[in-house]
Amino acid sequence: MTGNRPNDEDLEDFVDQVDDIEKTIKALMEGKIDMAEVDRKEAQMAAKKKRAEERKVQQKLDMERKQRHARRETERKKWGFVGKWCPRCRKDEVQLMEEVHGKDDTKWPEGQFDRCIAPACRTINDGEGVALLANEDRRKQLEAKVEVLKKDRLEKAMAKDRWQRWKSTQSYKRAGAWDDDYMRWDKWVGSDDEEDELPAVPPPETAEFAAMEQDINQRAADKEKRRTESNRLKAKGNEEMSEGNFSKAFKYYTKGLEDDRGNRALLTNRALCAIKLGLKKVTVTKLGEDVQVDSWDQAVEDCTRCLDICEFLHDNKGAGVPDSRIKSYMRRAEAHSLLGNLEAALTDVKDCLEKVEKLP
């Protein structure tokens, strides 16, 4: 049968051995060689046979290694990783084994592991490390991220709809000059392409899915970076406020709002700071340009914007919203009274008492 037929290399080795044996027997019969020479020949043949067997074993190992690599590449193309995957260091089983035990997979320890073996991951969570995710768990994780993004887009669309319906049914007269174009309002609303409806979740073996995950992660990272910087600047502003350095505090709050223009605390803090400054010119950014405005007018505008954010983006609900509304109404009332607009100030106080739910 062809399955048992020796290959050309094996056949050539067999023929060579037969020739060597025939030559040795003939030489012995003719007395041309002694037994020591026979022993040497036998040793050479044994060594040659051993090398051939070792070569076969190595060829088999190389073939198996190639097959393993091919299977891994197929799995990586389908899922983006091989085996299980660490959500912290973002490496799969093969990458982890290569990092810890080297590239030669024949020297890797046997058995499976369910926690990340990377040195940086093994010591966190009080020494428990990081649990690895199987491909189905990873798929569910990614689909959950997509759902969060969809929910976020829906909330933005609803907020935009509330804003547009309000503009179409009421007169819109605000103290202070600020942009009434919702799309340019703040960073929580992006460009038109960001407002498009998300497509159905693609299968994880596609490049589209990998691109979607990268986009989600990048958006989250950018948002977190802006939020962290704005909170840092808010803390700096609070320090200056506590020391009575209102001009410096105002600059820190203004800088923080460049990174997070929807930050309610920054708006109400800057409004209070503007009131403390007295009636003077301050520099703020409007429609992408630095302009000089009166500090008390700016306090009114900051409070108005915070109230709009509470209403149109949060529907006047949620953690911290009542507190933001109270601060906005009362600080705007104070700014109105300083400007001599007593009727507007009284209206703000009444609205605060009647419209804001009581704090616990």
Looking at Lys49 and the list (1) in a helix (DSSP H, G or I); (2) modelled with pLDDT under 80, which single condition is not satisfied? (2)
Got a sec? Which of Gly262, Gly244 is open to solvent by less than 60 Å² (accessible area, probe 1.4 Å), on the phi > 0 side of the Ramachandran plot and small (Gly, Ala, Ser)? Gly244
Go through (1) part of a helix (DSSP H, G or I); (2) out of contact with any helix residue (DSSP H, G or I) (no Cβ under 6 Å at 6 or more places or on another chain); (3) of a type in the set (D, E, K, R) one by one and return the number of the condition Arg261 breaks. (1)
Inside the range 304-327, can you point out the residues that are among the basic types (Lys, Arg) and either over 32 Å from the mean Cα position of the chain (by Cα) or open to solvent by 50 Å² or more (accessible area, probe 1.4 Å) (or both)? Lys317, Arg325, Lys327
The residue that is most open to solvent (accessible area, probe 1.4 Å), considering only those in the range 277-295 that are more than 22 Å from Arg232 (Cβ to Cβ) and either within 36 Å of the chain's Cα centre (by Cα) or modelled with pLDDT of 95 or more (or both), is Glu289
From the set of residues in the range 328-360 that are under 45 Å from the mean Cα position of the chain (by Cα) and hydrophobic (A, V, I, L, M, F, W, C), which is most open to solvent (accessible area, probe 1.4 Å)? Leu353
Among the residues of the range 78-89, are any assigned to a helix (DSSP H, G or I) and free of Cβ contacts under 8 Å to residues at least 24 places away in the same chain? no
Per the filter on the range 81-105, residues surrounded by 14 or more Cβ atoms within 10 Å (Cβ to Cβ), farther than 18 Å from Thr123 by Cβ and touching a Lys or Arg at 6+ places or on another chain (Cβ under 8 Å) are Phe81, Val82, Trp85, Asp92, Glu93, Val94, Asp105
Output the residue which, of all residues in the range 219-245 that are modelled with pLDDT of 90 or more and of a type in the set (A, V, I, L, M, F, W, C), is nearest to the chain's Cα centre (by Cα). Leu233
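The values are calculated or read from the model by the stated rules, or taken from the named source; none is laboratory data. Everything numeric here is computed off the predicted structure, so don't read it as measured data. Please note: Cβ atoms are built from the backbone with ideal geometry, for glycine as well, and neighbour counts cover all protein chains shown. With ligands, DNA and RNA removed, areas are computed over all heavy atoms of the protein, side chains included. Shrake-Rupley method; radii C 1.70, N 1.55, O 1.52, S 1.80 Å.
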